[in-house]
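In what follows, a structure is listed as structure tokens, so that the remarks can point back to it.
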Amino acid sequence: MNDFEQLQKTAKEQWEMLQHSSDPVVYVGMGTCGLASGASDVWKSIQKIRDNSKYKFQTIKVGCIGPCYLEPFLDVQKPGSSRFTFNNVDADRAEKIIKEFAFGDESKLKPLGHLGDKIETINGIKSFWELPMLKHQKRIVLRNCGIIDPENIMHYIARDGFSGLINAFEKGPEEVIEEIRISGLRGRGGAGFPTYKKWQFCREAKGKLKYLICNADEGDPGAFMNRSLIEGDPFALLEGMIIAAYALGANQAYIYIRAEYPLAIERLNIAIAQMKQAGLLGRNILDSGFNLEIKLKEGAGAFVCGEETALIASIEGERGMPRSRPPYPALSGLNGNPTTINNVETLGTIPNILRNGGDWYNQYGTANSKGTKTFALVGKVRRTGLIEVPLGITLREIIYDIGGGTIKPFKAVQTGGPSGGCLTEEHIDLPIDYESLSEAGSIMGSGGLIVMDENSCMVDVAKYFLNFTSEESCGKCTPCRIGTKRMVEILEKFTKGIGNIDDLATLESIAKTVKNGSLCGLGQTAPNPVLTTLKYFYREYLEHIEDKRCASAVCRDLVEYRVIKEKCTGCQRCVEVCPTGAITGPRSEPHNLDPEKCIKCRACYEICRFDAIAGDAIIIVS
């Protein structure tokens, strides 16, 4: 038995002991979403109980398991029983769960579900994986997230961690690349380029010194797929990087990660240190003769550094600006050497493919888009969070079956982040794959899905995303630097009711010029929100131009709010959220809204449960 086999044996024994602990084990979801929802207070509460009372139990931190709208999560594993999940837990409820469920009569509290491997009902509690948001998913890259301690390498090894790496070393670099070809894996960063080809180009490139770079510079508004994977299972990413570097013939690798991800950075550093100590990183990994060093490079948050050549420039110490191609990074990248850049999800998927085989992965997805894809499902959908689904699933299945639909009528969905497009009800049965989204005028992107309802103004949405990409433009090429600013200015005129029909033609013309003339992907895709909203919501633009009207009551200069007396119950919710005291009135009586004090922040409109706040599009701008 070699050293790793002994380590694996020990890890599995420890995992089994944990699963059959004689004391309760309490797990708390401590990803960024959980922490933002109050998980730190939950953690402090259970630590206080454990340290200062008669109750004896273990505590473990885990990452995000997916349904962020239910955070914070707390799981209790009782001796001889399954692991039961409680949602939306605060410090007080955590104490009650420990005392009454973990050490008392468990029938007094009903968990959300249990996390057993089998889909079965235990003591009247259904499997967590049968929840509406989970049962339509296929978890491959996310299989450990929310399950293992991301700061404990033994947990990862116990669940067959590094088995893919061992298989890779047994196969050799050429066979590893062939296995990836069979799998059909395409880059999950957005472009969808076949992963095996990228590796092959770099491996066959001339030069002894080669680099692998992981792009963890996730910058899309509303996107958190890569961050959550790193926080929940950093070892999967690192194992995938070793396999990729081995296939490329690279002995130096970088993880380019934005500095705004402190928890992800912390857990990566812990994982790297543990892997080095276990002989899984550094010199002569697993006695294979292969050496690899992985360094973290913290980015300053520039969106453009998600583009490969700008990212390379940043690592080199230069300003993050794109370079003309060719030469492509596979031939001349970091410091002029052959370089492969893959994103977090791509690399995190690799260990699963090498562990189970390319044919296994190939069974999921469509003819040209294989496997699964993670998405950040956010916006006006009932169930928000991180999901992983087989490619080819429809927008309808994601929005309604997984997301639970919208409270108010569905209007649009933005796919692919700020560089993606806005799709409509007519696309609801569109399969999500690279080709279908491209044909509809959008992109896969890294995996952002922002759902909008009838309260969303598509002109304002286009302005929001264009403003983001305009501010993030590096300014190197004229179409992007100037064109995006001019588009924002025109959209601003529309939202103020001072635009004209000629502006509309100019907007479309500039959008096409920016798309066709920009140097890099940021500029080339920046006009997508404008082009798709012009195509699918043209009438809404005309309303802003000709009628000086925003039907969604979003554009401040085109709307005035008032209380509908017949619908108002006097519940006071609008009074509580109004920052200027514009809404007044006693409880249980219809309220009043003073338009002179109203700053049109929309808070009352959003919070009213009775549709008693009207946004009247009545202001006419001459």
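The values are calculated or read from the model by the stated rules, or taken from the named source; none is laboratory data. No experiment lies behind these values; they were computed from the predicted model shown. Here the Cβ is made from the backbone with ideal geometry for all residues, glycine too, and neighbour counts use every protein chain on show.
Odds and ends about this structure:
- Identity of the residue in region 290-308, modelled with pLDDT of 95 or more and in a loop (DSSP other than H, G, I, E, B), that ends up farthest from G320 (Cα to Cα): F290
- Within region 62-90, residues that are without any contact (Cβ under 8 Å) to a residue 60 or more places away in the chain have Cβ atoms under 8 Å from residues that are assigned to a strand (DSSP E or B) and of a type in the set (K, R) in these pairs: D75/R83; V76/R83; Q77/R83, counting only partners at least 6 apart in sequence or on another chain.
- Complete set of residues in region 86-97 that are in a loop (DSSP other than H, G, I, E, B) and within 15 Å of F128 (Cβ to Cβ): N87, N88, V89
- Test: T374 is surrounded by fewer than 20 Cβ atoms within 10 Å (Cβ to Cβ), at pLDDT 95 or above and of a type in the set (S, T, Y): no
- Selection within region 412-426: residues that are surrounded by 22 or more Cβ atoms within 10 Å (Cβ to Cβ) and without any contact (Cβ under 8 Å) to a residue 60 or more places away in the chain. The member of this set that is nearest to T525 (Cα to Cα) is T415.
- V554, sole failed condition from (1) part of a loop (DSSP other than H, G, I, E, B); (2) more than 35 Å from the chain's Cα centre (by Cα); (3) not hydroxyl-bearing (S, T, Y): (2)
- Residues that are assigned to a helix (DSSP H, G or I) and in contact (Cβ under 8 Å) with a residue 12 or more places away in the chain within region 570-595 comprise R573, C574, V575, V577, listed in sequence order.
- Answer residue from region 78-96, given it is touching a Leu at 6+ places or on another chain (Cβ under 9 Å) and aliphatic (A, V, I, L, M) and is nearest to G146 (Cα to Cα) among those: V89
- Cβ-Cβ contacts under 6 Å between residues 6 or more apart (or on different chains), taken from a first residue in region 115-138 that is in contact (Cβ under 8 Å) with a residue 40 or more places away in the chain to a second residue that is surrounded by 16 or more Cβ atoms within 10 Å (Cβ to Cβ) and in a loop (DSSP other than H, G, I, E, B), are listed as I122/S82; I125/P111; F128/L115; M133/P67; M133/R383.
- Residue satisfying condition, being outside the structural domain of Q524 (by TED's automatic domain parsing) and at positive phi, within set G301, G306, G348, G333: G301
- In region 441-456, the residues that are at positive phi reach residues that are in a loop (DSSP other than H, G, I, E, B) and at pLDDT below 90 with C-beta atoms within less than 6 angstrom, at least six apart or across chains, in these pairs: G445/G190; G445/G416; G445/G420.
- For region 427-452, a residue qualifies if it is closer than 18 Å to V530 by Cα, over 15 Å from the mean Cα position of the chain (by Cα), not hydrophobic (A, V, I, L, M, F, W, C) and not in a loop (DSSP other than H, G, I, E, B), and the qualifying residues are H427, S438, E439.
- Selection count, region 538-556, where residues are crowded, with 18+ Cβ neighbours inside 10 Å, of a type in the set (S, T, Y) and at pLDDT 95 or above: 1
- Residues of region 343-394 that are within 25 Å of E178 (Cβ to Cβ), assigned to a strand (DSSP E or B), out of contact with any Pro (no Cβ under 9 Å at 6 or more places or on another chain) and among the polar types (S, T, N, Q): N343 alone.
- One residue from E170, E151, E100 being modelled with pLDDT of 95 or more, more than 23 Å from the chain's Cα centre (by Cα) and either not in a loop (DSSP other than H, G, I, E, B) or not hydroxyl-bearing (S, T, Y) (or both): E170
- Out of E606, E566, sole residue that is outside the structural domain of S470 (by TED's automatic domain parsing) and either assigned to a loop (DSSP other than H, G, I, E, B) or over 18 Å from Y464 (Cβ atoms) (or both): E566
- All positions within region 255-282 that are surrounded by fewer than 14 Cβ atoms within 10 Å (Cβ to Cβ) and either in contact with a strand residue (DSSP E or B) (Cβ under 9 Å, 6 or more places away or on another chain) or at pLDDT below 95 (or both): A259, N269
- Pairs where the first residue, in region 309-325, is outside the structural domain of C474 (by TED's automatic domain parsing) and closer than 18 Å to E298 by Cβ and the second is buried (at least 20 other Cβ atoms within 10 Å of the Cβ) and among the acidic types (D, E), C-beta under 9 Å, 6+ apart: L311/D217; S314/D217; G320/E307
- Looking across A264, A216, one residue alone is closer than 26 Å to C480 by Cβ and of a type outside the set (D, E). It is A216.
- Checked against the criterion of being within 23 Å of C457 (Cβ to Cβ), assigned to a helix (DSSP H, G or I) and among the β-branched types (V, I, T), region 509-523 contains one or more residues that satisfy it.
- Here E204 clears all of (1) touching a residue at least 24 places away in the same chain (Cβ under 8 Å); (2) over 20 Å from P351 (Cβ atoms) except the condition numbered (1).
- Residue match in region 508-521 (condition: aliphatic (A, V, I, L, M) and closer than 22 Å to A553 by Cβ): no
- Residue in region 159-175 that is at negative phi, of a type in the set (S, T, N, Q) and crowded, with 24+ Cβ neighbours inside 10 Å present: no
- Taking the criterion of being among the hydrophobic types (A, V, I, L, M, F, W, C) and more than 17 Å from A253 (Cβ to Cβ), the residues of region 181-200 that qualify are I182, L185, A191, F193.
- Some residue of region 196-209 being at positive phi and either part of a loop (DSSP other than H, G, I, E, B) or surrounded by 24 or more Cβ atoms within 10 Å (Cβ to Cβ) (or both): yes
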